[in-house]
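All remarks here apply to the structure that follows.
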Amino acid sequence: MQNKSLDFWVGLFVLLGAAGLLFLALRVGNMSTISLSDSYSVTAKFDNIGGLKPRAPIKSAGVVVGRIGDISFDDKTFQAIVSMQLDKRYKFPKDSSAKILTSGLLGEQYVGIEPGGDVNNLDSGDKIKMTQSAIVLENLISQFLFSKAAEGKDENK
């Protein structure tokens, strides 16, 4: 009798551990916030998306208003095409802009939408024309180093 009780508690502990691992895997994979609400799709082209990934959040005023759908490459313009799934309850003007931002210094990247002033709203299939690419930390560091090196050359003359 005691053996069956012990087996039950061990089995329960293993199931709870497996559920915890599943939760962590979904959380790390950014899939724990799957939304079943209606959405509409808009696209935007960026010169550089940095480390942006599918399912990354889309935020406006700090509120998650959608998720990144698909990311592809346009071999004619050599730009990344980002498909965004915006929640239907959030409407944005047609002249809104999108930029790729980073949470914290080395955090995850997401798309930030800044609303414009147009009276017409974005519909499914529309394109966001005004975009700002991701700021790549390596490029900033190299620009800083090159500017310091150029200052050093000017002082030696």
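The values are calculated or read from the model by the stated rules, or taken from the named source; none is laboratory data. Every value quoted in this text rests on a predicted model; they were computed, and no experiment measured them. Positions of Cβ are backbone-derived with ideal geometry, glycine not excepted, and every protein chain shown enters the neighbour counts. Note: accessible area is taken over every heavy atom of the protein model, side chains too, but ligands, DNA and RNA are not part of it. Shrake-Rupley method; radii C 1.70, N 1.55, O 1.52, S 1.80 Å.
Summary table below
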read-out	value
Label corresponding to volume of the Cα convex hull per residue in Å³ when calculated from the structure given, among (i) 208; (ii) 108; (iii) 116	(i)
Whole-percent carbon and sulfur share, accessible surface of the chain, 1.4 Å	61 percent
Karplus-derived 3J(HN,Hα), 6.51/-1.76/1.60, for each residue of segment 15-22, Hz, glycine and proline x	5, 5, x, 5, 5, x, 5, 5
Mean accessible surface per residue for the chain, computed with a 1.4 Å probe while every protein chain stays in place, in Å²	70 Å²
FRET efficiency, Asn121 to Leu26 (Cβ-Cβ, R0 35 Å, nearest 0.05)	0.60
Accessible-area order (highest first, 1.4 angstrom probe) of the listed residues Val136, Val42, Val14, Val64	Val14, Val64, Val136, Val42
Mean Cα-pair separation over length for the chain, i.e. relative contact order, pairs under 8 Å, 6 or more apart, %	23 percent
Of Phe46, Phe92, Phe23, the one that fluctuates the most in a GNM where the chain has Cα springs shorter than 10 Å	Phe23
Candidate residues Arg55, Arg89: accessible-area rank, largest first, probe 1.4 Å	Arg89, Arg55
